[in-house]
Every structure is written in structure tokens, then in C-alpha cells.
Amino acid sequence: MVDKRVLINFSEQQYDAVAEAAHKSALPFSSFVRRASYMEATKLGVEVAKPDAEIEAELIAMDSDE
């Protein structure tokens, strides 16, 4: 089960840029933003626990409903 939902705001230009990157990555928008945040946190030395396969599948399915 998903523990947290977070609402974030983008300017129209920011949204368009992130949406284009997500499309090029073949990921739903939310999955792309989540993955990018994990990657940045890891670069900064913050360990991000990877969700188990069942939770990850649930997250991606929810993102695909956007």
C-alpha cells in the first residue's frame, strides 16, 4: 500500500519539460518524477529504500491512470 501522496506545483513550462522527459523515458509523469527524485537523493548520499515489487507495480499502475 502507498504510504504518502504529495501534491507539487509546476509552472506550465516546467510541467511541459518534465512531461516531455517522461514521455522520452516511456514512463508516466508521476513515475518519472519519483524516479528522478530517487536518483537525486542517491546522488546527495541519501539512501532511498526501494519499494518491493508488489508496491512498485501498484505505484506504476496508479501513475498510468493519470
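Readers should treat all values here as calculations from the given coordinates under stated rules, not as data from a laboratory. Computed from a predicted model, the values in this text were never measured in an experiment. With ideal geometry, Cβ positions are generated from the backbone for all residues, glycine too; neighbour counts draw on all protein chains shown.
Taking packing as the residue-averaged number of other Cβ atoms within 10 angstrom, the listed peptides 4-11, 52-59, 23-30 run from highest to lowest as 23-30, 52-59, 4-11. Rounded to the nearest 20, the Cβ-based charge dipole of the chain about its Cα centre (Lys and Arg +1, Asp and Glu -1) stands at 260 debye. In the chain, Cα pairs under 8 Å separated by at least six residues give a relative contact order of 37 percent.
Using helices alone, what [θ] at 222 nm do you get for the chain, with -39,500 (n - 2.57) per DSSP H run of 4 or more residues, divided over all residues and rounded to the nearest 500? My calculation for the chain gives -19500 deg cm²/dmol from helical runs alone. For the pair Ile60 and Ser37, a Förster radius of 22 Å applied to the C-beta separation gives a FRET efficiency near 0.90, rounded to the nearest 0.05.
Between Gln14 and Lys50, the contour length at 0.36 nm per residue exceeds the Cα-Cα span by 10.3 nm.
Sorted largest first, the principal axis extents computed over the alpha-carbon atoms of the stretch 12-64 equal 31, 28, 16 Å.
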